[in-house]
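Here is the structure we will look at.
The values are calculated or read from the model by the stated rules, or taken from the named source; none is laboratory data. If you're wondering where the values come from, they're calculated on a predicted model, not measured in any experiment. Cβ sites come from the backbone with ideal geometry, for glycine too, and all protein chains shown count toward neighbours. Just the protein is used for accessible areas: all its heavy atoms, side chains included, with ligands, DNA and RNA removed. Shrake-Rupley method; radii C 1.70, N 1.55, O 1.52, S 1.80 Å.
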Amino acid sequence: MQISYDYNQLSQTEQNQIEAEIKTDLVEHLYRSSPTGIVASFVTGASLFSCFYFLSHNINNTIISSWYAGFNFIILLACLLYKCYRKLPSKLEVQQWEFLLSTVLSLYAVFYGSCIYFIAQEPNPTNQFLAIGILVMIAAALGTSTVGFFKLGIVCVSFILIPVAAWFFLQPATYYKASTVMVVVYYAFLLGMNRRSTEWLNHSLKLKLENTLFTHQANFDLLTDLPNQRLLTKYIEQAVKNSNGRKESFALVCFAINRLEIFNNSLGYYAGDLIINSVAKRLKSQLSAENNEDTIQRILTRPRPDAFTILFSPINIANTEKEVQSLFTVLEKPFHLGNQESRLTASAGVTIFPKDSPDPEKLLSNTYAAMLEAKASGGNQVAYYQTNMTSKAPLLLELERDLSEALDKQEFEVYYQPIVDLQLGLINEAEALIRWNHPRRGIVPPNDFIPMAEETGLIIPMGEWVLEQASAQAKQWHKQGYKSMKVAINLSPKQLRQGNLIAAIDRVLKKTGVDPTKLELELTETAILDESLSPLVKEISRRGIALAIDDFGTGYSGLSYLKYFQIDKIKIDKSFIDDVVTNNDSATIVSATLAMAKELGIKTLAEGVETIEQLRFLKERGCQFIQGYYFSKPLKIQNFTELLRHGVTEKL
């Protein structure tokens, strides 16, 4: 079966790459024929010299000797050029090598063509036709040796045959006139042959390079140039074969970058690609260095958009943990996007041959299932495959199907977690958090369905529903006398990019009648760094709605940058608060953030406060708002309203 490829499907870069490689191959072809051409030139030059020097008595021997000396000088130049090309090919560009050899070949043709002068001086027709016969053969040789360079072929053949044709035409005898026609026909034949051969050679080289490129693209990831799923499967099959023969084990690790979807949605896919490429380069460098240190072969592949798969073969099972943990070291240094930087986390799933399965396809599904388990546990986690993991896959598919129907079936509910103003000692704000009351599973944890909603796009209608419910509840609390009560609602990156967010906000404001100043929308750090979203963010602010940055510290924005976007509040991420009392680094980061925010007039909120020690630390350093289980978990509307009545003064 013949497979045809559409050249237009290639990118401009790939087309340029093919054109450059074709040019390189053609120049190589030209130089490869140089030794034969040099020998042929030496023989034909000597033949012409002998014809005119020894057989003719009407030509000045000094002139013919000078011609022969000049001709041999060109042969010497050709030899030196060929030697330089073979010894130092990288010293010059391909175009420069082409120009030099083209110049030498053109000089050959000029010297050959000048022989018409000697022919015109020769009265003996036998010597004339002997010399012309040699020139005709030389023209044929140059016409064929310049295949691939049609313009050069025209120059070389013309320098030889046009003077010959002109000389024939100027002679009075009839057979000379007839010879003129023959030379012109031969001239056209040589050029036609050169052109057709050039087109054929170019087409053949292009097809060869296209096939090579498409074969490469079929087996390698276009972004990172790492082996893809097809090659990974072959590697695993080979590892199974080798390990069975030697009774060895190998490990397969799925190493997935967390939160990549957030970067893609907030900053665009270019940012996500930049991150993947940077991680790939670090992994390549580290694994290559480790491959030189021991007998383990580490093969890095990229079978999935957000994940790398690494094959460790052979491996001592006891050393697997050490090998896997070493992968996380590539994430220790921050990653730079323009002038900003971000720290990444990853999740790793591990499966072992033959302990977990002898089947290559099963091993692949095992490592992916283990990775999902690790991802559900949080950042920088490792999970080893267990039998029950793959049994969860059908449940996830069922959950995704149920999620698509949950909004219509009114299975969602909004819970509210209190936010305490430390200066006033009051609850004057709440964060609206969606919960899913599944008819069979009960309450489904947000971590199980929010990422799924992001991937499927259901987060957009869900987000608008939460906005409407929270706005209506804020209005209700105001009617009940809690006039200062404000509600905070999360906006997902996909909501920001949906194109009609402002219209949705205006629709909710009009429908519920809520005061816009009593609403606060929470954005991610990465969202505000996307310049294309700047007008949207300003439109939200123009309506009087407050803006907050959620999980501050996990992205890579600066406080001064937040001020530029009129951000009202930052919510310091729970990961810093967890060990703020025991970890000097966390304490320093939190303290510095609070101090700088105060200078810039940005309000501060600490998320995930669970102990009195954390509360005291934050109060001493001027944190204005607190949210966390120390005061209350997220509550249903009735329970939250009851908490509003009683307050939290006793816990302060």
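Taking the residues in region 333-361 that are at pLDDT below 85, in a strand (DSSP E or B) and in contact with a helix residue (DSSP H, G or I) (Cβ under 6 Å, 6 or more places away or on another chain) as candidates, determine which candidate is surrounded by the most Cβ atoms within 10 Å (Cβ to Cβ).
335
Just give me the residues in region 587-620 being open to solvent by 60 Å² or more (accessible area, probe 1.4 Å) and of a type in the set (Val, Ile, Thr), in sequence order.
Correct list: 588, 589.
Looking at region 596-608, I want the residues that are on the phi > 0 side of the Ramachandran plot and in contact (Cβ under 8 Å) with a residue 12 or more places away in the chain and have a partner that is polar (S, T, N, Q) and surrounded by 22 or more Cβ atoms within 10 Å (Cβ to Cβ) with Cβ atoms under 8 Å, at least 6 apart or on another chain. Which pairs are those?
608/627
For region 437-473, what are the residues that are among the hydroxyl-bearing types (Ser, Thr, Tyr), open to solvent by less than 60 Å² (accessible area, probe 1.4 Å) and over 28 Å from residue 644 (Cβ atoms)?
Those that are among the hydroxyl-bearing types (Ser, Thr, Tyr), open to solvent by less than 60 Å² (accessible area, probe 1.4 Å) and over 28 Å from residue 644 (Cβ atoms): none in region 437-473.
Quick one: count up the residues across region 435-471 that are part of a strand (DSSP E or B) and either at pLDDT 85 or above or hydroxyl-bearing (Ser, Thr, Tyr) (or both).
Looking only at that region, the number is 6.
A quick yes/no check of all residues on (1) charged (D, E, K, R); (2) free of Cβ contacts under 8 Å to residues at least 24 places away in the same chain; (3) touching a Ser or Thr at 6+ places or on another chain (Cβ under 7 Å):
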residue: 87; (1), (2), (3): yes, yes, no
residue: 102; (1), (2), (3): no, no, no
residue: 110; (1), (2), (3): no, no, no
residue: 122; (1), (2), (3): yes, no, yes
residue: 137; (1), (2), (3): no, no, no
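Out of curiosity, is residue 606 at pLDDT 90 or above and aliphatic (A, V, I, L, M)?
yes
What pairs can you find where one residue is in region 366-386 and under 18 Å from residue 236 (Cβ atoms) and open to solvent by 60 Å² or more (accessible area, probe 1.4 Å), the other is in a helix (DSSP H, G or I) and modelled with pLDDT of 85 or more, and their Cβ atoms are less than 7 Å apart, with a gap of 6+ or different chains?
Final answer for the pair search is 384/370.
Need a quick list: helices (runs of 4 or more DSSP H) entirely within region 114-207 having at least 2 residues that are surrounded by fewer than 17 Cβ atoms within 10 Å (Cβ to Cβ) and modelled with pLDDT under 85.
Helices (runs of 4 or more DSSP H) meeting the threshold: 115-121, 125-145.
Test residue 99 against the criterion of being hydrophobic (A, V, I, L, M, F, W, C) and farther than 28 Å from residue 25 by Cα, and give yes or no.
no
Does residue 420 count as modelled with pLDDT of 80 or more and farther than 30 Å from residue 618 by Cα?
no
Please go through (1) modelled with pLDDT of 90 or more; (2) over 30 Å from residue 412 (Cβ atoms); (3) not aliphatic (A, V, I, L, M) for residue 599 and return the number of the only condition it doesn't satisfy.
Exception for residue 599: condition (1).
For residue 367, state whether it is hydroxyl-bearing (Ser, Thr, Tyr), part of a strand (DSSP E or B) and modelled with pLDDT of 85 or more.
no
Considering only region 358-376, how many residues are in contact with a strand residue (DSSP E or B) (Cβ under 7 Å, 6 or more places away or on another chain) and of a type in the set (Ser, Thr, Tyr)?
Result for region 358-376: 2.
Conditions (1) charged (D, E, K, R); (2) buried (at least 16 other Cβ atoms within 10 Å of the Cβ), marked per residue:
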position	(1), (2)
48	no, yes
63	no, no
71	no, yes
74	no, yes
83	yes, no
91	yes, no
107	no, yes
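Checking residue 566 against (1) open to solvent by 10 Å² or more (accessible area, probe 1.4 Å); (2) more than 30 Å from residue 533 (Cα to Cα); (3) out of contact with any Lys or Arg (no Cβ under 7 Å at 6 or more places or on another chain); (4) not in a helix (DSSP H, G or I), only one condition comes out false. Which one?
(2)
Which numbered condition in (1) free of Cβ contacts under 8 Å to residues at least 40 places away in the same chain; (2) not in a helix (DSSP H, G or I) is the only one that residue 476 fails?
(2)
Of all residues being part of a helix (DSSP H, G or I) and open to solvent by 70 Å² or more (accessible area, probe 1.4 Å) in region 221-233, which is nearest to residue 284 (Cα to Cα)? Just the residue, please.
Checking each candidate, the answer is 229.
State which residue pairs qualify: first residue at negative phi and inside region 164-185, second residue among the small types (Gly, Ala, Ser) and open to solvent by 30 Å² or more (accessible area, probe 1.4 Å) in any location, beta carbons under 7 Å apart, and separation of 6 or more residues or different chains.
167/120
Which ones in region 430-469 are of a type in the set (Gly, Ala, Ser), in contact (Cβ under 8 Å) with a residue 40 or more places away in the chain and farther than 19 Å from residue 418 by Cα?
453
Would you point out the residue of region 572-591, among those that are touching a residue at least 12 places away in the same chain (Cβ under 8 Å) and in a helix (DSSP H, G or I), that is nearest to residue 608 (Cα to Cα)?
574
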